[in-house]
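Novice: Sharing a structure below in structure tokens format, with a few things to ask.
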Amino acid sequence: MRDSDLKYFEDLLLSRRVQIKKNIEDAAKEIASLKNDEVGDEADHASVSTDRMIEQAISAQQTRELIEIDYSLSKIKSGGYGVCDMCEEDISFQRLKVKPYAKYCIVCREIIEKQNK
């Protein structure tokens, strides 16, 4: 992969990393405000509880994405970015454009998804 491509993906990953951290902080504030809200009746309590669960699920998913982004950034620094962790073939440029923190090529990702079902 060319240096200009690596720089492009590094910038993309760093930008996404900043956005995710902001999202996680905002979600934590939202969860805290939900805890402090006065709950009137059972319907209000159920609504607040549902909102809290949704915020927590989103935060958990974004935390996982943040870990994958950090892993990809470390691979850029070590020279292994864009190489499938499973088969060690190059991950296509188009796949990386869609998911710049992809660990696997399309073929290996499909294998993993079938094994996890």
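Each reported figure results from applying straightforward, stated rules to the coordinates on display, with no laboratory input. The model shown is predicted, which means the values in this text are computed figures rather than measured ones. Positions of Cβ are generated from backbone atoms using ideal geometry, with glycine treated the same way; all protein chains shown enter the neighbour counts.
Novice: What percent do you get for the relative contact order of segment 3-115 when only Cα pairs under 8 Å and 6+ apart count? Intermediate values should be presented prior to the final figure.
Specialist: Details: 78 pairs, mean separation 29.3, N = 113.
About 26 percent, as a whole number.
Novice: What ranking of Ser47, Ser59, Ser15 emerges when the number of other C-beta atoms within 10 Å of each C-beta is taken as an exposure proxy, fewest first? Before the final figure, lay out the partial values.
Specialist: On the way: Ser47 14, Ser59 19, Ser15 11.
Going from sparsest to densest Cβ surroundings: Ser15, Ser47, Ser59.
Novice: Taking GluC sites (Glu not before Pro) as exposed when DSSP calls them loop (any state but H, G, I, E, B) and at most 16 other Cβ atoms lie within 10 Å, what is the longest stretch of the chain free of them, the sites themselves excluded? Present the calculation step by step, with values, prior to reporting the outcome.
Specialist: Working: sites that count: Glu38, Glu88, Glu89.
Answer from the scan: 39-87.
Novice: Counting only Cα atoms, I'd like the Rg/Rh figure for the chain, Kirkwood definition for Rh. Mind showing how you got there, number by number?
Specialist: On the way: Rg = 18.8 Å, Rh = 16.4 Å.
Answer for the chain: 1.14.
Novice: Against the longest principal axis of the chain, how steep is helix 106-115, in degrees 0 to 90 to the nearest 10, with axes from Cα atoms?
Specialist: Result, in degrees: 50.
Novice: On to the next question. Please get the size of the charge dipole for segment 3-115, origin at its Cα centre, with Cβ charges of +1 on Lys and Arg and -1 on Asp and Glu, quoted in debye to the nearest 20. Intermediate values should be presented prior to the final figure.
Specialist: Details: 17 positive and 23 negative charges, 111 e Å.
Charge dipole of segment 3-115: 540 debye, to the nearest 20.
Novice: What distance in nm separates the two pseudo spin-label positions at Ala46 and Lys22, each 7 Å out from Cα along the beta-carbon direction?
Specialist: 3.6
Novice: Taking R0 as 25 Å, what's the FRET efficiency between Lys117 and Gln56 from their Cβ-Cβ distance, rounded to 0.05? Let's see the in-between values first.
Specialist: Values: r = 25 Å, r/R0 = 1.02.
With R0 = 25 Å, the Cβ-Cβ based efficiency is 0.50.
Novice: While we're looking at this one, here's another question. Taking amide H atoms as placed 1.01 Å from N in the peptide plane, list the residues 5 or more away in sequence, or in a different chain, whose amide H sits under 5 Å from that of Glu89.
Specialist: Counting only residues 5 or more places away or on other chains, the set is Cys84.
Novice: On a 0 to 90° scale, report how tilted helix 3-36 is relative to the longest principal axis of the chain, with both axes built from alpha carbons and the result rounded to the nearest 10.
Specialist: 10
Novice: List the lysines whose Cα lies under 29 Å from the Cα of Lys77, skipping any in the same chain that are fewer than 8 positions away.
Specialist: Hits, sequence-local ones excluded: Lys7, Lys21, Lys22, Lys97, Lys99, Lys103.
Novice: Here's a follow-up. Using the alpha-carbon atoms, what tilt in degrees (0 to 90, nearest 10) does helix 42-78 show relative to the longest principal axis of the chain?
Specialist: So the inclination is approximately 20 degrees.
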